[in-house]
Amino acid sequence: MVKLKSNDDKEFEVEEAAVIQSEMIKNMIEDGCATSVIPLPNIDSKTLIKVIEYLNKHINMGKAAETGEEDDLKEFDEQFVNMGWEELFDVIMAANYLNIHELMELCCQSAADRLKNKSVRAVREMLKITNDLTEEEEQEIINDAPWAFEGPEIDDTVN
Amino acid sequence: MPKKKLLTSINTPNRSKKKKLHKRKVTFEDDTSIFPSEILLNILTRLPVKSLLRFKSVSKPWNVMISSNEFKKSHRDQSKALGREKLLLQSRNVFEFRDLESSLLDLMENQQFPLKKFQRAEVWCLCDGLVLLRNPRAYKNYVLWNPSTREYRAISCPDNHLNYNEEPQRVRACGLCYDSSVGDYKVILIYDLFYAVYSLIRDSWTTKTSFPCPVLPLLPGDLISFGISTAGCVFWSLINGKIQLFVDRASTIIYFDVKSDGVKNLSTPDFVGENNFFYLASVKGCLSLYGGRIESKEFNIWIMEQDGSWKWLMNICNLPYICKTFVQDRELLGCTRNGDIVSQGWPCCRIFIYYPRQQLLTETELSSKDLPIASLCLDSLYSPSLNVKHKRKRQSDMMFN
């Protein structure tokens with residue numbers, strides 16, 4: 001078992017087989033730097049619980065293909081990313097920090113799916129981006145492909 | 001900074017002088033978003049082209065990044081990895097795009113080609129997201145079109161200097177492929193004594209006479225052979241001096257290799273035996289051969305790996321017809337994200353999808369009005385148009401910054 005500590009000082013015990021899906025922790029263990037508790041100063045306990053839930057479910061990824069549990073795993077993944085935008089953001093940052101490739105792929109795809117049909121205004125708000133384009137520049141971009149700004153799918157809500 | 005001093009001393013109008021002085025290259029690292037740029041890149045390469053063209057107007061760093069060549073390349077590679085392909089159908093003068101992910105192949109959009117004389121053009125070749133169209137009423141007119149960005153470039157084929165006094169030669173075969181070493185797309189047209197290669201970056205043709213084997217003229221009714229594009233190569237087969245796409249023991253596979261700009265031979269793989277009938281296709285970005293024993297009710301799909309070795313991909317069984325009939329009448333278009341095999345059937349407008357896990361072959365009739373010509377088209381930002389716009393304006397607002 002490996003002990004992980006979140007930035008709000010909560011400790012979690014995780015099986016080594018699960019936790020080594022994180023390249024970062026795997027390297028720490030291999031280098032002998034993971035003797036007692038691994039502090040994770042960038043991750044809060046709420047996010048860490050989510051990440052551990054994912055790691056535990058994906059512990060036997062290789063076996064799933066043999067036993068035909070792929071569909072089960074796919075369903076879990078779909079349920080897993082069914083979370084709020086802020087929460088997804090935290091999980092992405094944690095997956096990036098811990099270097100968990102599969103989780104990163106899953107969450108980035110979910111983020112892309114959410115952004116896909118958003119209006120420009122909604123994207124700016126969701127990602128907290130300040131618009132530094134002049135009105136003229138913005139109009140020029142619209143004029144280049146006006147059809148990309150039209151369509152029933154375009155969604156101006158922020159969520 | 002001697003360079004800046006030099007600029008101010010040159011006697012140029014005030015506007016451009018100010019522009020140059022204030023100009024600082026905006027990069028994606030200037031992005032103010034909550035995500036680090038590396039993560040944002042990962043997310044953005046997963047978006048469809050329509051979203052990306054819209055999101056260019058999110059901010060300056062986004063515009064710079066989405067317009068950059070590196071981004072176009074990573075986005076295309078991600079599109080390939082994710083299998084983000086649409087089914088492209090042509091029915092009269094309308095191009096239809098259908099969603100391969102939906103079981104009924106839902107209509108995503110309709111497009112009319114912007115140039116009137118190409119509205120009924122023939123779809124000749126596809127490579128990634130680029131389509132080569134030819135106007136059937138003018139033998140020299142071609143268009144390279146990216147339906148995802150809706151951009152196009154009209155090109156005319158090279159003059160045939162070898163036959164001044166004769167009828168212009170007809171194209172026997174054509175192809176379209178990507179040269180990764182320079183990031184260029186190339187069109188290749190094969191005539192009987194020479195072939196011509198068009199470079200999208202250089203916007204010019206080169207004519208070559210060193211064709212490895214003689215090609216016979218097309219007889220009336222013979223079809224032009226639209227080559228199979230894979231990474232850096234276009235493939236055809238050669239049977240009795242005719243360029244085709246079917247492969248048997250007696251045929252030779254030929255290919256245009258973009259690295260050497262030459263046409264070469266490829267030896268027919270051993271699994272193509274006597275009484276076998278195969279066809280060339282592109283599956284998962286690789287050259288593929290599908291077929292088997294002429295009389296059997298099943299066929300196999302093989303793909304060629306990067307190192308040139310052949311790998312067996314799958315067996316398709318319980319065919320309603322014998323292998324040769326099925327393979328001849330169904331053109332294998334490719335493979336979806338889920339690994340399902342898509343083909344189209346002649347002479348009726350049907351799309352066949354084979355689900356390997358259930359060993360199930362389904363057919364979808366798309367419309368009764370026409371004979372659609374179907375291909376799979378990748379979602380890509382690569383623009384075939386010449387880069388001539390965006391030179392005007394912008395100075396005035398730079399002045400006030």
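Scanning region A:114-159 for residues that are surrounded by fewer than 13 Cβ atoms within 10 Å (Cβ to Cβ) and among the hydroxyl-bearing types (Ser, Thr, Tyr) yields A:Thr130, A:Thr157.
This table checks each residue for (1) more than 16 Å from B:Thr364 (Cα to Cα); (2) without any contact (Cβ under 8 Å) to a residue 12 or more places away in the chain; (3) surrounded by 15 or more Cβ atoms within 10 Å (Cβ to Cβ); (4) touching a Phe, Trp or Tyr at 6+ places or on another chain (Cβ under 7 Å).
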site: B:Glu70; (1), (2), (3), (4): yes, yes, no, no
site: B:Arg76; (1), (2), (3), (4): yes, no, yes, yes
site: B:Ser79; (1), (2), (3), (4): yes, no, yes, no
site: B:Gly83; (1), (2), (3), (4): yes, no, yes, no
site: B:Leu88; (1), (2), (3), (4): no, no, yes, yes
site: B:Asn93; (1), (2), (3), (4): yes, no, no, no
site: B:Glu96; (1), (2), (3), (4): no, no, yes, no
site: B:Ser103; (1), (2), (3), (4): no, yes, no, no
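Being more than 7 Å from chain B (Cβ to nearest Cβ) and of a type in the set (Asp, Glu) is the filter; apply it to region A:122-136 and report the residue that is farthest from A:Trp85 (Cα to Cα). Among them, the one singled out is A:Glu135.
If the condition is being outside any strand (DSSP E or B), charged (D, E, K, R) and modelled with pLDDT of 85 or more, then region B:66-111 contributes B:Glu70, B:Lys72, B:Lys73, B:Arg76, B:Asp77, B:Lys80, B:Arg84.
Restricted to strands (runs of 3 or more DSSP E) entirely inside region B:223-330, those with at least 3 residues that are outside the structural domain of B:Trp124 (by TED's automatic domain parsing) are B:276-283, B:286-293, B:299-304, B:310-316.
Filtering region A:9-44 to residues that are surrounded by 14 or more Cβ atoms within 10 Å (Cβ to Cβ) and among the hydroxyl-bearing types (Ser, Thr, Tyr) leaves only A:Ser22.
Those residues that are part of a helix (DSSP H, G or I) and within 7 Å of another protein chain (Cβ to nearest Cβ), I need them from region B:47-65; list them, please. Walk me through how you get there before you give the answer.
As a first pass, look at region B:47-65 and keep what is part of a helix (DSSP H, G or I): B:49-55, B:60-65.
Hits for region B:47-65 are B:Lys50, B:Ser51, B:Leu53, B:Arg54, B:Phe55, B:Lys60, B:Asn63.
Determine whether B:Leu132 is surrounded by 18 or more Cβ atoms within 10 Å (Cβ to Cβ) and not in a loop (DSSP other than H, G, I, E, B). Against the criterion (surrounded by 18 or more Cβ atoms within 10 Å (Cβ to Cβ) and not in a loop (DSSP other than H, G, I, E, B)), B:Leu132 qualifies.
Take the residues of region A:105-121 that are farther than 24 Å from A:Ala94 by Cα and assigned to a helix (DSSP H, G or I): which is farthest from the other protein chains (Cβ to nearest Cβ)?
Step by step, filter region A:105-121, then rank; the result is A:Arg121.
Looking only at region A:137-153, which residues are more than 28 Å from A:Lys74 (Cβ to Cβ) and either facing another protein chain (nearest Cβ under 8 Å) or acidic (Asp, Glu) (or both)? Give the steps one after another, and end with the answer.
The initial filter retains those residues of region A:137-153 that are more than 28 Å from A:Lys74 (Cβ to Cβ), namely A:137-152.
Residues satisfying the conditions are A:Glu137, A:Glu138, A:Glu140, A:Ile141, A:Ile142, A:Asp144, A:Ala145, A:Trp147, A:Ala148, A:Phe149, A:Glu150, A:Gly151.
Of the numbered criteria (1) more than 24 Å from B:Tyr185 (Cβ to Cβ); (2) in contact (Cβ under 8 Å) with a residue 60 or more places away in the chain; (3) in the same structural domain as B:Gly175 (by TED's automatic domain parsing), the one B:Gly129 fails is (1).
Name the single residue, out of those in region B:298-354 being surrounded by fewer than 20 Cβ atoms within 10 Å (Cβ to Cβ), touching a residue at least 60 places away in the same chain (Cβ under 8 Å) and in contact with a Leu (Cβ under 8 Å, 6 or more places away or on another chain), that is farthest from B:Arg46 (Cα to Cα). Restricting to residues being surrounded by fewer than 20 Cβ atoms within 10 Å (Cβ to Cβ), touching a residue at least 60 places away in the same chain (Cβ under 8 Å) and in contact with a Leu (Cβ under 8 Å, 6 or more places away or on another chain), the top hit is B:Thr336.
The values are calculated or read from the model by the stated rules, or taken from the named source; none is laboratory data. This one's a predicted model, so the numbers in the text were calculated from it and none came from an experiment. Please note: Cβ atoms are built from the backbone with ideal geometry, for glycine as well, and neighbour counts cover all protein chains shown.
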